[in-house]
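Read the structure below first, then the notes.
The values are calculated or read from the model by the stated rules, or taken from the named source; none is laboratory data. None of the values given here were measured: they were computed from a predicted structure. Cβ atoms come from the backbone with ideal geometry, glycine included; neighbour counts cover every protein chain shown. Just so you know, the surface numbers come from the protein's heavy atoms only, side chains and all, with ligands and any DNA or RNA stripped out. Shrake-Rupley method; radii C 1.70, N 1.55, O 1.52, S 1.80 Å.
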Amino acid sequence: MSSFTATQEATLRAVVDRIIPPDDHPGGWEAGVGNYLTRQFAGDLAPLFGDYANFLAAIDAIARRLHGAPFAALPTATQDALLVQIESDAHGDDLARFFAVLVTHAMEGYYGDPGNGGNRDAVAWRMIGFEVRG
Amino acid sequence: MSAARYDAIVVGAGAGGGVTAAILAEAGKRVLLLERGQDLTFTAIGRDHLRNQRLSQYGNNAGPDLDGHPRVAVDADGRERLVRPHEGGYQNNAAIVGGGTRVYGAQAWRFLPDDFRMATVYGVPTGSSLADWPLDYAELASHYERAEWELGVAGDGAASADLLPRERDYPMPPLPPTAQSRVLRRGADALGWATTPVPLLINSEPRDGRAACIRCQHCVGFACPVEAKNGTHNTLIPRALATGNCDLVTGATAARVATDRVGRAIGVDYFDRDETPQEVRAEVVILAAGAVETARLLLNSATTREPTGLGNGGDQVGRHLQGHAYTGVNARFAEPIYDGLGPGVSIATLRFNHGNDGIIGGGMLADEFILLPIIFQKRYLPPNLPRWGAVNKAFMREAYRYVTDVKGPTQEIPHPDGRVTLDPTVRDRWGLPVARFSGATHPETVRTATFLQDRAREWLDAAGAIQTWSTPPRPRLAAGQHQAGTCRMGDDPRTSVVDRWCRVHGHDNLFIADGSPHVTNGGVNPVLTILALAYRTAEGILRAW
Ligand SMILES: Cc1cc2nc3c(=O)[nH]c(=O)nc-3n(C[C@H](O)[C@H](O)[C@H](O)COP(=O)(O)OP(=O)(O)OC[C@H]3O[C@@H](n4cnc5c(N)ncnc54)[C@H](O)[C@@H]3O)c2cc1C
C-alpha cells in the first residue's frame with residue numbers, strides 16, 4: 001500500500017478530529033479512526049486511497065489560499081467553518097461528495113466494532129451506552 | 001460412470017429445504033441435500049459490525065461470497081447495475097447451512113386468514129396481480145403448529161387468538177418484556193390497541209438440549225452464541241442427518257434440473273466445492289433455493305421441450321417477486337428506553353393487518369431489534385442533525401438509549417413486472433446466466449405503507465415520544481430477506497407455476513419448498529409460513545409416493 005505524505009496525514013488527522021471532536025470522550029483520531037482507515041486501505045477501501053490523497057491535498061490547498069496556513073494548523077473553529085463550506089458545495093461538487101464519504105468512514109471507524117481497528121477499547125460504545133453482554 | 005442415485009434431491013439447505021429433507025429422510029427416503037454455502041460456526045460468522053447480514057457495508061457473514069455471484073438490478077429508468085452480494089439491489093438473503101434461519105431475527109408469525117384471500121377481500125387493483133392462495137389458513141394451521149413445536153417458538157398464543165386461531169399454544173412462554181416494550185405498551189393501552197409479544201423462534205427456556213436465550217445484543221444478522229435461536233441448522237437438518245438417510249453436501253451449487261425427453265425431472269446437475277460438475281439422479285427433485293435462485297434454476301433448466309424454462313409455459317416463473325415494504329417511524333423519548341436486553345423486538349400489534357378503511361391489506365407493527373451503534377449512526381439520525389461534528393457526537397451520546405422505531409412489513413400488492421429474469425450477458429463463476437431484477441411493487445403498496453407509517457407515529461406519540469421522524473415510502477422492488485412469489489401457487493398453469501401441493505405444473509416429480517410459491521406474502525415476516533408450507537409439501541410428496 002502507498003502511504004500519505006506527512007502533510008496529508010496531519011490533514012487527515014485534523015479532519016477526523018473535526019468529524020468526531022474530542023470532548024469528555026476521545027475524539028476520532030485518539031479512538032483509532034486512523035488505524036481503521038489504514039486497515040481498510042489495505043482492503044475494502046484500497047481503491048479510494050488516491051481519492052483520499054487528492055481530497056486531503058485539495059482542502060489543505062484551500063486552507064493555505066484562504067487562511068495562509070495548512071489545514072492542520074488552523075484553529076478548530078476555522079477548520080469547522082472550512083469543512084462546512086466544503087460540505088455545502090462552496091468548493092465544488094467533488095469535494096463535497098468526497099467529504100460525505102470520509103464522514104461515513106470516520107463514523108465506521110469510531111462506532112464500528114473494535115475488531116475493525118477503530119473504536120479502541122470500545123470507547124465509543126461506552127460513551128453511548130451500548131454494552132456487549134453475552 | 002453412472003450418476004449417484006437418491007430417492008430425492010433437495011436444493012438449498014435453508015428454511016424450506018431443511019424441513020423437506022428431514023421429513024423425507026425420517027420417512028426412510030434417501031435424500032441428498034445440496035447447499036451452495038458452508039456450514040459455518042458461530043466463531044466463523046463472527047460479530048463484524050460492517051460485514052454481516054444486517055449491515056453488509058463491505059461484506060456479509062452468511063454468504064454468498066462477494067466474488068463470482070453477481071446479479072443485475074435494473075432501476076425504474078431502465079439503468080442497469082451489476083451488483084455484488086453486499087451491495088444494494090442484490091436482494092440478498094443468505095448462503096449457508098440453515099439459509100436465512102442461521103442469522104435471522106427469528107420472528108415467527110403466522111399469516112392471517114385474510115392474507116390467503118386478498119383478491120376476494122379487496123378485489124384486484126388495476127395493474128396488480130393480487131390473487132387468492134389455492135389454500136386457506138385452516139389448511140395450513142396444523143403445519144404452522146408443527147413448525148412452532150418442532151423448531152421451537154416462544155410466544156403467547158392467547159394474545160392473538162382472535163386473529164390467529166390456534167389449537168395449541170406455543171411450546172414456550174415469551175421472553176420477558178423490555179424497557180422499550182413497556183413504554184410502547186403504555187402507548188397502545190392509551191389508544192386501546194391490542195398488542196402481543198412478538199413470537200420468536202428463540203428458546204425462552206432450555207429446550208431440545210439447547211440453552212435459553214441469554215439476551216445478547218447481536219441477534220438479528222448474527223449467529224447465536226448459545227444456539228438458543230432455532231433455525232433449520234440446529235433442528236431439522238441435524239434430524240435429517242441423524243436418520244442416516246440424508247447426505248448434506250455443502251459448497252455444492254445446483255446448475256440445472258435435469259429432465260428426460262418427456263420432461264420428467266431425473267436429477268440435478270451441480271458444481272461441487274472443487275468446481276467439478278456433478279450429476280445426481282433421483283426420483284423426486286425439490287427446489288428450495290430461495291425465491292430468486294429457485295426461479296433462476298427453473299429458467300436455467302430450459303430444454304428444447306420447454307425453451308423458456310421449466311414450468312414456464314405461462315410465462316410466470318420469476319414474476320410477482322415480492323418481499324416487504326418496510327416502513328416505520330423513528331422516535332426519541334424523554335426517558336431511556338434501552339435496557340440492552342436482546343433480541344430487542346418484543347411487542348407488536350396486528351390491529352392494522354386488515355380492515356383499514358380504503359386501504360388494501362396492511363401490516364404488523366413492532367418495535368426494533370437492538371441497534372448496533374454504527375447502524376444507529378447510519379440510519380437513525382433525525383433529518384436536521386449535522387452529519388458530523390460536536391453536535392452529532394453529542395446526539396449519539398444523549399440519544400442512543402432514548403431512540404427506537406416502530407415499523408413493520410407492509411403487505412405488498414404484487415405486480416407482474418416486478419420480476420427475476422436471466423440476464424442476457426452476465427454470467428456467474430460457473431458461466432451460468434445470473435438473476436436480473438426489474439420492475440417494482442404496485443403503487444397500492446405505497447399507499448398501504450403510508451397508512452401504516454401514520455399508525456406507527458400515532459403509537460409512538462401515544463407512548464410519549466418527544467420527537468418523531470421518518471422517510472416517506474417509495475415504490476421499489478422489495479425482495480431481499482423476505483423474497484417470495486416467483487413461482488406462484490395456483491390451479492391454473494397459465495397463471496401459476498406450481499399447484500396447491502407445490503408441484504411444478506406439468507412435472508410430476510418436481511416440487512418447490514421455499515418462499516417462491518407464496519401467492520402473496522402477508523403483512524408479517526414470512527419464514528414461519530415457508531416452514532409450514534414445506535411441512536405440507538413434504539407430507540404431500542410422501543403421500544403421493
Ligand atoms: C438477517 C435476517 C433476518 C431475518 N429475520 C427474519 C425474521 O425475523 N422473521 C422471518 O420470518 N424471516 C426473517 N428473515 C427471512 C428468512 O430468513 C427467510 O424468509 C427464509 O430463510 C427463506 O427461506 P427459504 O427456504 O425460501 O430460503 P433460504 O432460507 O434463503 O434458503 C435457501 C438456501 O438455498 C441455497 N441455494 C441457493 N441457490 C442454490 C443453488 N443453486 N444450489 C445449492 N444451494 C442453493 C442458499 O444458499 C440458501 O442456503 C431474515 C433473514 C435475514 C437474512
- Message: Report every pair of residues separated by at least 6 positions or lying on different chains whose Cβ atoms are under 8 Å apart, first residue within the range B:213-234 and facing chain A (nearest Cβ under 9 Å), second assigned to a strand (DSSP E or B) and surrounded by fewer than 24 Cβ atoms within 10 Å (Cβ to Cβ).
- Response: B:VAL226/B:ARG210
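Keeping to the range B:403-427, report how many residues are within 14 Å of chain A (Cβ to nearest Cβ) and either of a type in the set (Gly, Ala, Ser) or assigned to a loop (DSSP other than H, G, I, E, B) (or both).
Residues flagged as within 14 Å of chain A (Cβ to nearest Cβ) and either of a type in the set (Gly, Ala, Ser) or assigned to a loop (DSSP other than H, G, I, E, B) (or both) within the range B:403-427 amount to 0.
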- Considering the range B:297-340 alone, what residues qualify as being under 24 Å from the mean Cα position of the chain (by Cα) and closer than 30 Å to B:TYR400 by Cα? B:GLY323, B:HIS324, B:ALA325, B:TYR326, B:THR327, B:GLY328, B:VAL329, B:ASN330
- Where A:GLY43 falls short, out of the listed (1) under 15 Å from A:LEU12 (Cβ atoms); (2) within 14 Å of another protein chain (Cβ to nearest Cβ): (1)
- Item | Scan of the range B:89-106 for residues that are near the ligand (Cβ under 6 Å from one of its atoms) and part of a loop (DSSP other than H, G, I, E, B), ordered by number | B:ASN93, B:ALA94, B:ALA95, B:VAL103, B:TYR104, B:GLY105, B:ALA106
- Message: Can you confirm whether B:ARG215 is in contact with a strand residue (DSSP E or B) (Cβ under 7 Å, 6 or more places away or on another chain) and of a type in the set (Lys, Arg)?
- Response: no
- Message: Taking the condition of being within 11 Å of the ligand (Cβ to nearest atom) and in a loop (DSSP other than H, G, I, E, B), how many residues in the range B:107-124 meet it?
- Response: 4
- Task: Can you run down the residue pairs with Cβ atoms below 9 Å, 6 or more apart or on separate chains, where the first is in the range B:2-21 and in the same structural domain as B:PRO526 (by TED's automatic domain parsing) and open to solvent by 10 Å² or more (accessible area, probe 1.4 Å) and the partner is more than 9 Å from the ligand (Cβ to nearest atom) and part of a loop (DSSP other than H, G, I, E, B)?
- Result: B:ARG5/B:ARG30; B:TYR6/B:LYS29; B:TYR6/B:ARG30; B:ASP7/B:GLY28; B:ASP7/B:LYS29; B:ASP7/B:ARG30; B:ASP7/B:ASN245; B:ASP7/B:TRP545
- Just one of (1) open to solvent by less than 10 Å² (accessible area, probe 1.4 Å); (2) under 17 Å from B:TYR122 (Cβ atoms) trips up B:GLY418, so point out which. (2)
- Item | Count - residues of the range A:106-134 that are modelled with pLDDT under 95 and more than 7 Å from chain B (Cβ to nearest Cβ) | 0
- Reported set for the range B:527-545 where residues are under 18 Å from the mean Cα position of the chain (by Cα) and open to solvent by 10 Å² or more (accessible area, probe 1.4 Å) is B:VAL527, B:ILE530
- Query: Does the range B:476-497 contain any residue that is within 19 Å of B:GLN411 (Cα to Cα), more than 16 Å from the ligand (Cβ to nearest atom) and touching a residue at least 60 places away in the same chain (Cβ under 8 Å)?
  - Reply: yes
- From B:GLU275, B:GLU283, residue being touching a strand residue (DSSP E or B) at 6+ places or on another chain (Cβ under 7 Å) and of a type in the set (Asp, Glu): B:GLU283
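Per-residue answers, yes or no, for (1) at the interface with chain A (Cβ under 8 Å from one of its Cβ atoms); (2) of a type in the set (Lys, Arg):
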{"residue": "B:GLY358", "(1), (2)": "no, no"}
{"residue": "B:LEU365", "(1), (2)": "no, no"}
{"residue": "B:GLU368", "(1), (2)": "no, no"}
{"residue": "B:ILE375", "(1), (2)": "no, no"}
{"residue": "B:TRP388", "(1), (2)": "yes, no"}
{"residue": "B:VAL391", "(1), (2)": "no, no"}
{"residue": "B:ARG401", "(1), (2)": "yes, yes"}
- Message: Looking at (1) of a type outside the set (A, V, I, L, M, F, W, C); (2) in contact with a Ser or Thr (Cβ under 9 Å, 6 or more places away or on another chain); (3) in a loop (DSSP other than H, G, I, E, B); (4) surrounded by fewer than 20 Cβ atoms within 10 Å (Cβ to Cβ), which one does B:ASP169 not meet, given that it meets all the others?
- Response: (2)
- Query: Applying the selection to the range B:437-475, what residues are touching a residue at least 60 places away in the same chain (Cβ under 8 Å) and hydroxyl-bearing (Ser, Thr, Tyr)?
  - Reply: B:SER438, B:THR441, B:THR445, B:THR448, B:THR450, B:THR468, B:SER470
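So is B:ALA62 over 17 Å from B:GLN481 (Cβ atoms), in contact with a Leu (Cβ under 9 Å, 6 or more places away or on another chain), hydrophobic (A, V, I, L, M, F, W, C) and within 16 Å of the ligand (Cβ to nearest atom) or not?
no
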- Any idea which of (1) more than 26 Å from B:LEU371 (Cα to Cα); (2) open to solvent by 10 Å² or more (accessible area, probe 1.4 Å); (3) away from chain B (no Cβ under 14 Å) is the one A:GLN85 doesn't satisfy? (3)
- Task: With respect to B:ALA194, determine if the residue is more than 22 Å from the chain's Cα centre (by Cα), away from the ligand (no atom under 16 Å from the Cβ), more than 14 Å from chain A (Cβ to nearest Cβ) and not β-branched (Val, Ile, Thr).
- Result: yes
- Name the one entry in B:LEU175, B:LEU164 that is within 14 Å of chain A (Cβ to nearest Cβ), within 16 Å of the ligand (Cβ to nearest atom) and crowded, with 20+ Cβ neighbours inside 10 Å. B:LEU175
- Note on the structure: Checking B:ASN384, B:ASN330, B:ASN392, B:ASN356 in turn, the sole residue that is open to solvent by 50 Å² or more (accessible area, probe 1.4 Å) and either at pLDDT 95 or above or not in a helix (DSSP H, G or I) (or both) turns out to be B:ASN384
- Mind telling me which of the residues B:ASP208, B:ASP260, B:ASP269 ends up being without any contact (Cβ under 8 Å) to a residue 12 or more places away in the chain and either away from every other protein chain (no Cβ under 14 Å) or away from the ligand (no atom under 15 Å from the Cβ) (or both)? B:ASP260
- Item | Options B:ALA190, B:ALA159, B:ALA194, B:ALA255; residue that is surrounded by fewer than 24 Cβ atoms within 10 Å (Cβ to Cβ), among the small types (Gly, Ala, Ser) and part of a strand (DSSP E or B) | B:ALA255
- In the range B:315-327, the residues that are surrounded by 24 or more Cβ atoms within 10 Å (Cβ to Cβ) and within 19 Å of B:ARG379 (Cβ to Cβ): B:GLY323, B:HIS324, B:ALA325, B:THR327
